[in-house]
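S.K.: I have a structure here, written as structure tokens, and I will follow up with some questions on it.
The values are calculated or read from the model by the stated rules, or taken from the named source; none is laboratory data. Quick caveat, the model's predicted, so the values are computed rather than measured. Positions of Cβ are backbone-derived with ideal geometry, glycine not excepted, and every protein chain shown enters the neighbour counts.
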Amino acid sequence: MKKIACFLLSFVILGASSAYAKVVTYQFDINTKSVNFTGESVVALAINNQIPGPTIEATVGDTLEVTFNNKMDTETSIHWHGILLPNDQDGVPYLTTQPIAPHSSFTYRYKITHHGTYWYHSHTGLQEQRGIYGSLVFHPKDGERVKSDKDYVVVLSDWTNENPNQVLANLKKDGDYYALKKGSVQSWDKVISNGSQAIKNRLQGSWSRMGPMDLSDVGYDAFLSNGKKEETLNAHKGDKVRIRLINAAASSYLNVEFSGGPMTIVAADGVDVEPLQVQRLRIAIAETYDVIVPISDNKSYELRSSSEDGTGHSSTFIGNGEKVFAPDIPKPNLFLMDHSQHGNHGSHNNSAGAMSMPATIKHQMPQHSGHKMENMNSHDMHAGHDMHQMQQTSAKQDQPPHHMQNVIEYMTDYENLRAVKDTSFDKNKPQREVILNLTGNMERYVWSFNNKTLAESDKIMIKHGEIVRFVVQNQTMMHHPIHLHGHFFRVINKQGDRSPLKHTVNVPPMDKVIIEFDANEEKDWFFHCHNLYHMKAGMARVISYEGTTQATPETLAKIAHDGWFFSGDISALSNMTIGMLKTSNTRNSIEFEYDYNYKKEYDAELIYARSITRFLDVYAGGNFEREGKDEKAENTAIVGIRYVLPMLIESNLRINSKGKVRLALGSDLQLTERTKFGWSYNTNKEYRFNLAYEINKKMLLAATYDSDFKWGVGLRVRF
């Protein structure tokens, strides 16, 4: 009888659970749309004619079915960022899911196994930058762990009127292409005006062959909250409002601050954390945070999202009545930061002052004895299991009182994020450690892991059942938001067994982050920097499970495009014309350079060059020269090396087919925001001085003195 009763009880529970779960369906069109965010009409991409696309909502246990109708003349795709789901639904074209062909449809279908705030976006080309992204809200069955009176999604993004493909091409021409637009040109007049410390920083950086620092690559035309520069969300005095923040920017880190007082973080990357109060929060690209904000009066409080480089912001006003503005954030003074400070800015709260930010108040996390925190088996994070059990404790559980917490004035790292339960793994499982160095070449705009781009690398092989630890060491001067598809990983911090679970982690400049995950999946999963332009420039890998991997060399070739980019620089001067034409990809370039003085005298080179390291190129080609109009042309084969010396001096050592050796040295100095001085000298006792004034990115005024051709002035054109 007892067995029959247990069976009936199980049947009733199973039936109730099945009745609760349902199939949630959506159908969306992807098409072009004309938008005007800045006073200029631009053709964008949109989902159901919206940017961002509609919010998709479901509840744990539901099955989600979303059909996308591609109305465009080009293929597209949708990746479900941060979601545990079957491999063939992940949405990376060719690697896991076939792309959605032009004028066709595809239906994604998967069961919702965990709750939280997530987002979806195209993984095709640079379409995400153009508007194909939207939000996901997956609700827990039993209600949110931390209650609120209102619940809103705020999708943050950056916007450029330029075609994103042109943006990438511009960065390939010059990694500092957008410095003038952003007002971040590191010119010597500004270095000197900032005093001795700035001069010391610049000289130290140049000696170590580090170029001037910047916090971002792209100069954006607007920053948006839910597709607007400014919007208002309804709330009333006394309300506690949950804001689901999503940084859907393509390449912008954002600082978020609420004018109504501290924000209380209750979830990070969709996973519940112990409540943590912050005044200002930096959100890396592709991260999500759930925060609770108080509405203390009948006013409209600003939630301001400012780009970290200080070039703009968007605003979401919450409440009704008189507007209360968040404080302006001073633009970072890059001149007073040395390279070590640049790295520390991203990794330590108490270094925020180096960025002209308020100092951080140290936070002591209270210990909560009496809370029952069951150990979570790593298998619970598998898509087919109940990860949501790990995310939440009973809604009736008392929350830690806010007066027990000090407010973090500016949160830039994860040290104080604390999981609501033990997230540690079974120590008896086999361990694998992988060292990943984040590397880059700003001059060529190449980004990589361990000095290899996706096109150059093999897959990272792992085994099912392992605990995989990635030691991620950033050797560049840029922040990198690293994202793993199909898994949550532990970000190892001072919280020990309560280290938080995330799917995207910021790795600060010249710093290290350790993450670990349970290899409980199969097949192949993408792993990459979520700065869209860094990913496209090579900072990506495929994580492949031994025995079930399906990624072939042909597959990798489809997702790892190593395109060729063309650039030119021609000066038409009164005494001569100088030109450089170049086409290049990650490692290779074909370059044609010439001088011609209108008297049938010329010196030209055509070479093929191969980049070995960031500082070293080798090349071979031909030199074609005629020194007088009546002289016979002299043509020789040449081979050589180019190497960057301390103080960023470029050296060029070559030998020609007649055995003649020549060493050349040269460098450029940015004198003012628009004025650059260049010099060169070689062992043939030839030298040249150049002065250029930048009217815009394509047109410059130029003056030159050449040891052979003397003075000249004119126009310089770049393309």
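S.K.: Kindly check whether there is at least one residue in the range 621-636 that is among the aromatic types (Phe, Trp, Tyr), buried (at least 17 other Cβ atoms within 10 Å of the Cβ) and part of a strand (DSSP E or B).
M.R.: no
S.K.: Just checking, which of ILE607, ILE641 is among the hydrophobic types (A, V, I, L, M, F, W, C), over 24 Å from ASP708 (Cα atoms) and at pLDDT 95 or above?
M.R.: Going through ILE607, ILE641 in turn, the sole match is ILE641.
S.K.: Can THR504 be described as over 29 Å from LYS421 (Cβ atoms) and β-branched (Val, Ile, Thr)?
M.R.: no
S.K.: Got at least one residue in the range 196-217 being under 15 Å from GLU673 (Cβ atoms) and out of contact with any Leu (no Cβ under 9 Å at 6 or more places or on another chain)?
M.R.: Checking the range 196-217: not a single residue is under 15 Å from GLU673 (Cβ atoms) and out of contact with any Leu (no Cβ under 9 Å at 6 or more places or on another chain).
S.K.: Still on this model: Tally up the residues in the range 486-523 that are closer than 30 Å to MET210 by Cβ, in a strand (DSSP E or B) and among the charged types (D, E, K, R), please.
M.R.: 2
S.K.: Something else now. Please determine whether any residue of the range 507-517 is aromatic (Phe, Trp, Tyr), surrounded by 18 or more Cβ atoms within 10 Å (Cβ to Cβ) and touching an Asp or Glu at 6+ places or on another chain (Cβ under 9 Å).
M.R.: The answer is no; no qualifying residue exists.
S.K.: Next question, about the same structure. Anything in the range 561-604 that is part of a loop (DSSP other than H, G, I, E, B) and within 26 Å of LEU171 (Cα to Cα)? List them, or say none.
M.R.: Passing the criteria: HIS561, ASP562, GLY563, TRP564, ASN585, THR586, ARG587.
S.K.: What residue, of SER315, SER305, is in a strand (DSSP E or B) and out of contact with any Lys or Arg (no Cβ under 9 Å at 6 or more places or on another chain)?
M.R.: When all the criteria are applied, what remains is SER305.
S.K.: Quick check on this structure: which one of LEU84, LEU45 is part of a strand (DSSP E or B) and crowded, with 21+ Cβ neighbours inside 10 Å?
M.R.: On the way: LEU84 fails: part of a strand (DSSP E or B).
That would be LEU45, the only listed residue that is part of a strand (DSSP E or B) and crowded, with 21+ Cβ neighbours inside 10 Å.
Yes/no matrix, rows are residues, columns are (1) under 30 Å from VAL273 (Cβ atoms); (2) hydrophobic (A, V, I, L, M, F, W, C):
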position	(1), (2)
GLN89	yes, no
SER104	no, no
HIS121	yes, no
HIS139	yes, no
GLY143	yes, no
SER148	yes, no
LEU156	yes, yes
ASN161	no, no
LEU171	no, yes
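S.K.: Which residues, counting only those in the range 64-100, are under 16 Å from ALA46 (Cβ atoms) and either small (Gly, Ala, Ser) or out of contact with any strand residue (DSSP E or B) (no Cβ under 7 Å at 6 or more places or on another chain) (or both)?
M.R.: Those that are under 16 Å from ALA46 (Cβ atoms) and either small (Gly, Ala, Ser) or out of contact with any strand residue (DSSP E or B) (no Cβ under 7 Å at 6 or more places or on another chain) (or both): ASP73, THR74, SER77.
S.K.: Pairs under 6 Å by beta carbon, first residue at pLDDT 95 or above in the range 684-698, partner of a type in the set (S, T, N, Q) and surrounded by 15 or more Cβ atoms within 10 Å (Cβ to Cβ), six or more apart or different chains?
M.R.: Sorted first by the residue in the range 684-698, then by its partner, the pairs are ARG688/SER680; ASN690/THR704; TYR693/THR675.
S.K.: Now for a different question. Could you say which residue among HIS123, HIS139, HIS103, HIS114 is in contact with a Ser or Thr (Cβ under 6 Å, 6 or more places away or on another chain) and farther than 16 Å from VAL66 by Cβ?
M.R.: Numbers: HIS123 fails: farther than 16 Å from VAL66 by Cβ; HIS103 fails: in contact with a Ser or Thr (Cβ under 6 Å, 6 or more places away or on another chain); HIS114 fails: in contact with a Ser or Thr (Cβ under 6 Å, 6 or more places away or on another chain).
Every option except HIS139 fails the conditions.
S.K.: Ok, one more. Within the range 126-141, how many residues are touching a helix residue (DSSP H, G or I) at 6+ places or on another chain (Cβ under 9 Å) and either farther than 18 Å from CYS529 by Cα or part of a loop (DSSP other than H, G, I, E, B) (or both)?
M.R.: Of the residues in the range 126-141, 5 are touching a helix residue (DSSP H, G or I) at 6+ places or on another chain (Cβ under 9 Å) and either farther than 18 Å from CYS529 by Cα or part of a loop (DSSP other than H, G, I, E, B) (or both).
S.K.: Working carefully through the options ALA664, ALA702, find the one that is in contact (Cβ under 8 Å) with a residue 12 or more places away in the chain, under 17 Å from GLU593 (Cα atoms) and in a strand (DSSP E or B).
M.R.: After applying the criteria, what remains is ALA664.
Every residue, every condition in (1) farther than 30 Å from LYS141 by Cα; (2) out of contact with any Gly (no Cβ under 9 Å at 6 or more places or on another chain); (3) modelled with pLDDT under 95, yes or no:
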site: THR38; (1), (2), (3): yes, yes, no
site: LEU45; (1), (2), (3): yes, no, no
site: ASN49; (1), (2), (3): yes, yes, no
site: ILE56; (1), (2), (3): no, no, no
site: VAL66; (1), (2), (3): no, yes, no
site: ILE83; (1), (2), (3): no, no, no
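S.K.: Considering only residues that are of a type in the set (A, V, I, L, M, F, W, C) and out of contact with any Gly (no Cβ under 8 Å at 6 or more places or on another chain), look in the range 138-155 and name the one that is nearest to ASN36 (Cα to Cα). Talk me through it step by step, then tell me what you get.
M.R.: Filtering the range 138-155 down to residues of a type in the set (A, V, I, L, M, F, W, C) leaves 138, 146, 153-155.
Pick out the ones that are also out of contact with any Gly (no Cβ under 8 Å at 6 or more places or on another chain) and you get 146, 153-154.
Values: VAL146: 38, VAL153: 23, VAL154: 20 Å.
Of everything passing the filter in the range 138-155, VAL154 is nearest to ASN36 (Cα to Cα).
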